[in-house]
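The values are calculated or read from the model by the stated rules, or taken from the named source; none is laboratory data. Keep in mind that what you see is a predicted model, and the values were worked out from it rather than measured. Reconstructed Cβ throughout: ideal geometry from the backbone, glycine too, with neighbour counts over all protein chains shown. Heads up: the accessible areas ignore ligands, DNA and RNA and are worked out on the full protein's heavy atoms, side chains in. Shrake-Rupley method; radii C 1.70, N 1.55, O 1.52, S 1.80 Å.
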Amino acid sequence: MGQSLLTSVGYVRRDGSMFCEGVALDTIAGRVGTPVYVYSASVIRERYQRLTSALAELPVHVHYSVKANSSLAILALLKSLGAGVDIVSGGELHRALEVGFTGHDIVFSGVGKTVTELERAVRAGIRSINVESEGELHVLNDVAGRLGAVVAVALRVNPDIAVDTPHKYTRTAERGMKFGIPHDTILAVARTMAAMPNVKLTGLAAHLGSQIGDAAPYALAAHELVRLKREIESDGLAKITTLDLGGGLGVTYHDEPAPDLAAYAAALAIAANEPGVEILVEPGRFLVADAGVLLTRVLYRKHSGGKDIVITDAGMNDFIRPSLYESRHDIEAVSSDDAPSLRANIVGPVCESGDFFANDRLITDVAPGQLLALRTTGAYGYSMASNYNSRPRPAEVLVDGDRFAVITKRESNADLTRRETSAPEWMEG
Ligand code: LLP
């Protein structure tokens with residue numbers, strides 16, 4: 001029996017009850033408490049393998065997008081597999097350095113980098129700063145000058161490409177959006193840059209959005225980056241050695257088709273066919289979403305207005321995707337795979353009507369005390385958790401084979417108030 005458990009990838013049922021690899025979810029909840037995020041190491045390894053095999057023929061380097069799940073143990077796992085990282089803040093830089101990513105492993109995106117963040121990135125000697133405005137370019141040139149450095153820069157292009165994602169908040173590449181530099185002004189910015197002594201244009205980048213199921217927009221973006229690269233080079237402004245196609249690869253939350261990785265690879269090949277370039281990709285969700293479940297215990301059941309309501313000990317502060325994007329996550333009873341027979345709203349304890357995980361969802365009939373698993377919550381779950389309603393953030397557990405470890409301790413009530421004071425030390429204004 002041990003053998004089949006050890007070799008199973010991800011989540012399986014044995015005698016009706018749910019396991020992550022070789023460990024019963026019941027055991028984890030009993031030992032660590034709830035709510036708790038659980039991640040399967042084997043799923044992360046398998047997704048990384050799947051992606052890198054699909055791209056094996058291309059000169060591609062994977063830079064995992066830290067924002068999807070920024071826990072140190074997850075970063076260390078991805079590092080051990082060979083990934084670099086894509087960061088968007090000084091905090092993410094700190095995490096990346098802490099687990100041993102070095103300069104060349106790191107690219108830095110984001111529309112609002114501060115002087116301090118840029119200074120730290122320049123000091124860390126990172127591979128590329130993906131600049132998103134002309135203003136940022138001037139600030140970076142000053143920062144690098146003060147530090148006596150010449151830094152490699154990729155211009156993040158806003159390619160004006162519409163993508164079909166489940167929510168408007170996860171689209172980033174259309175004209176008028178805050179991300180990137182409009183594609184029709186890239187050449188002018190490259191010209192301005194050529195006169196700046198402390199920044200060196202080496203790359204072009206585009207990130208289209210998130211939870212994208214179709215490869216076609218990637219092909220459009222690749223063509224656009226190639227076109228801009230050729231223009232920049234034929235004007236003698238720079239030699240472009242990296243083309244970064246961003247993240248965005250979708251996953252199956254419920255019944256969405258899995259992304260066609262062969263078609264994705266074919267789209268990237270459009271950029272990879274340019275001589276002398278390396279392609280970067282920045283997947284986040286694809287690598288970690290399926291690895292995670294959020295375990296929560298049912299606290300109460302009640303009826304209102306003809307509806308059944310299941311109240312759990314996890315809330316929107318622990319997992320905000322359903323509230324923020326109306327995203328659908330499958331929800332399963334942990335200890336039983338009985339056919340779903342209860343139609344209910346599954347809600348948290350937070351004092352907001354928007355605090356729900358599912359409405360009118362058919363699930364296995366569950367009583368108070370039973371465990372539910374919210375599936376596909378390894379990406380943008382814990383990393384988006386907050387302390388709203390003064391709720392300590394949950395623990396995180398990593399499972400590998402028949403072992404598990406707490407990789408993030410549950411916050412305590414003392415953690416909540418540690419940085420606060422009820423007796424302000426006033427300063428003269
Ligand atoms: N690169 C850049 C520059 C990004 O802004 C993002 C995500 C990624 C890569 C990774 O994208 P992914 O491969 O994970 O789709 N909180 C939202 C998703 C926001 C994505 C933000 N940017 C959600 O829960 O759906």
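Per-structure values
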{"quantity": "Matching residues in the stretch 145-177 - criterion: being out of contact with any strand residue (DSSP E or B) (no Cβ under 6 Å at 6 or more places or on another chain), of a type outside the set (Gly, Ala, Ser) and assigned to a loop (DSSP other than H, G, I, E, B)", "calculated": "147, 159, 160, 161, 164, 166, 167, 174, 175, 177"}
{"quantity": "Every residue from the stretch 278-296 that is more than 25 Å from residue 27 (Cα to Cα) and in a strand (DSSP E or B)", "calculated": "278, 279, 280, 281"}
{"quantity": "Criterion: away from the ligand (no atom under 16 Å from the Cβ) and of a type in the set (A, V, I, L, M) - qualifying residue of 73, 68, 54", "calculated": "73"}
{"quantity": "Selection status of residue 21, farther than 24 Å from residue 129 by Cα, away from the ligand (no atom under 14 Å from the Cβ), modelled with pLDDT of 95 or more and out of contact with any strand residue (DSSP E or B) (no Cβ under 8 Å at 6 or more places or on another chain)", "calculated": "no"}
{"quantity": "Residue check, residue 343 assigned by TED's automatic domain parsing to the domain that holds residue 311 and assigned to a loop (DSSP other than H, G, I, E, B)", "calculated": "no"}
{"quantity": "Qualifying positions in the stretch 365-379 - in contact (Cβ under 8 Å) with a residue 40 or more places away in the chain, part of a loop (DSSP other than H, G, I, E, B) and either open to solvent by 20 Å² or more (accessible area, probe 1.4 Å) or of a type in the set (S, T, N, Q) (or both)", "calculated": "367, 368, 369, 370, 376, 377"}
{"quantity": "Top-ranked residue in the stretch 119-134 [being β-branched (Val, Ile, Thr) and within 16 Å of the ligand (Cβ to nearest atom); ranked as most open to solvent (accessible area, probe 1.4 Å)]", "calculated": "126"}
{"quantity": "Candidates 324, 299, 362, filtered to the one that is within 13 Å of the ligand (Cβ to nearest atom), open to solvent by 60 Å² or more (accessible area, probe 1.4 Å) and either modelled with pLDDT of 95 or more or in a strand (DSSP E or B) (or both)", "calculated": "324"}
{"quantity": "Residue within the stretch 258-273 that is without any contact (Cβ under 8 Å) to a residue 40 or more places away in the chain and under 25 Å from the mean Cα position of the chain (by Cα) present", "calculated": "yes"}
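Matching residues to (1) open to solvent by 10 Å² or more (accessible area, probe 1.4 Å); (2) outside the structural domain of residue 386 (by TED's automatic domain parsing):
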| position | (1), (2) |
| --- | --- |
| 288 | no, yes |
| 309 | yes, no |
| 314 | no, no |
| 317 | no, no |
| 330 | yes, no |
| 347 | yes, no |
| 351 | yes, no |
| 356 | yes, no |
